[in-house]
Amino acid sequence: MASRICFCRLSATNFKTRRPGVPGKRRPLPQTRKQLFRSGEAPDGNFKTKPKPETMKKITYLTSRCVAAVLAAQLIGAVQASSHQDAPLIIRDPSANTTDVYAFVQNENGIKSLVTALGVYPHEEPGVGPNKYNFDDNVLYQIHVALGSDVAAGKASLSYEFAFRTTFKNQNTILQSYLGVVNNIGDSGQNLVQTYTVTKVDHRHDDLRTVLGTGIVPPNNQGIATPFYNQGNNGNNPAKDGVATEAQLDPYTTQAIKNLGGGYFSFAGQRDDGFYADIESIFDLLQLRSPGKDSQGGFNIHLMALVIPVSEFGGDKQIVGVYATTSRRKVRILRGNGDQTLDGWVQVARQGNPLFNEALVAIADKDRYSRTSPQFDSILFRKYAVTPELAHLINVILFGGTLPSIETNRTDIAAIFIPDLIKVDLSTAPCRLAGNGTQQGVNPDEPGFSRLSIFGGDTLTSTIQPGFGGGVVPGGWPNGRRFGDDVVDIAVTALISDLRVSPPIIRGPAGDGVDFNDMAYNKVFPYESTPQNGRNHSHP
């Protein structure tokens, strides 16, 4: 079992390099289960009471709306991670569409912690109106953590729920989000205000629910209405770059960080999209360009971030697994006096490691992946990791078929992706953090940080596993995932290398020609970059 969760056998040093070119019983989490494995099934539903004649017309109308809602829910239940287009159906539901999941070890206020984050709502064009991008009150956002034997089993031991509520100060206006300049979050200038509740669900103890606290979402970065996000506190200027200290954070972000007590901290709000890759050229028959273009450059997302003290997991002498899901109500009955939601939740999206569903899982199973639990990954999706089509395409298109060994029996790739949880060794020191993508200038990357993780010599030392010799484990993904990890280049390098032999054969590093984000990251919570200014931003 230990081998299932160990990282791929790769050493930061002593590489053999070869150039290419030559030949317990618990209540299940919100998710669809049996119907996912068979098409055409629908849940039974019978009215148990006979309606009164005068209400027949209304019930008939509501029933038709329910049928439409059920059909919509089943259509939504098929989904695409890092290009944010992982599966066909979820791209039609952007507020539930997951972008990326992050998980890494840091000391927060002197307490060793696991920092987790979930992004949703891809490709937000900054500054649109009158309606803005916001979290959805009708979506259940969850970050899951697996402990102990649950890691190899793909089961969540703990779940952290973010539930949102939206209110307006004035609905008798076309000014949806801003009534004036916002000086402090939630003030009279912010018309649309979202609040959220964070709840811990302990599946080890009969789904025991504990409300950790509530927070408020800062405004989106519009420009003139939100000057303090932007350089010189001027809404006409581009957004501020990331910073190295809490004191340097913009006021909106500072005010939105909520101390929930007990070592927990939360944040929820708009951020720059910190994923970077030349997605257009990758999916244009792998015809890469030089230099590459950051396809997510200039776009925002919505981010939920949560600091969890490792003491909540029973200490740091363990490897944990992290993934996230979004869910919608199975049935919604619409009434004249408001919405009434019934019949629990159905999972519509899932995200663990970057790129798995997007780049490895075939079209036939992409939506199934979105609706299932990692518990079923070994049965349903292991074949895509063991025989990755992407490795075949890279071999044929880029290497002229000279590397057939990379295409089959990839047990090393399966060790990363199956089950599809981001595995994090909690026993290491805090990871190194990205700043501006260089080692120079204002807010540089921390010394030793490499966007390529172990392929760039960025390693940590475990006290609980041998790793790649002497406890050496990756400093970034696939040992956790940090903001700034170049997951495309790391994944491609792993695919074209052979990590099954000792010493491993490393080819690369290889990649798409995009080596850093278009904005600097913060080196303090919530880590993700400042949201792009709707009034002053650009796309590559």
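Quick notes on this one:
- The slack in the chain from D284 to N233, taken as 0.36 nm per residue of separation less the alpha-carbon distance, amounts to 14.3 nm.
- In this simple spin-label approximation, R335 and V386 carry label points 7 Å from Cα along the Cα→Cβ vector, and these lie 5.2 nm apart.
- Remark: spin-label model distance S149-N259 equals 4.0 nm, labels positioned 7 Å along the Cα→Cβ axis.
- Taking 0.36 nm per residue of separation and subtracting the current Cα-Cα distance, fully stretching the chain between L398 and S311 would add 26.6 nm.
- From phi via Karplus (6.51, -1.76, 1.60), per-residue ³J(HN,Hα) for the range 505-514 in Hz, x at Gly/Pro: 9, 9, 10, x, x, 10, x, 9, x, 10
- Cα-projected label distance for T461 with S538, points at 7 Å along beta-carbon direction, nm: 4.6
- Mean Cβ count within 10 Å, highest first, over the residues of peptides 398-406, 250-258, 91-99, 116-124: 116-124, 91-99, 250-258, 398-406
- Extension gain, N183 to R500: 0.36 nm times the residue separation minus the Cα-Cα distance gives 108.5 nm.
- Packing rank of 448-454, 130-136, 503-509, where each peptide gets the mean count of other beta carbons within 10 Å, highest leading: 448-454, 503-509, 130-136
- As a calculated quantity, the FRET efficiency between N409 and A362 at R0 = 25 Å, using C-beta atoms, amounts to about 0.85.
- Charge tally around D250: other residues with Cβ under 14 Å, Lys/Arg +1 each, Asp/Glu -1 each, net -2.
Computed from the coordinates by the stated procedures, all read-outs in this text should not be read as laboratory data. Keep in mind the model is a prediction, meaning the values are calculated, not measured. Because the Cβ atoms are built from the backbone with ideal geometry, glycine has one as well, and the counts that use them run over all protein chains shown.
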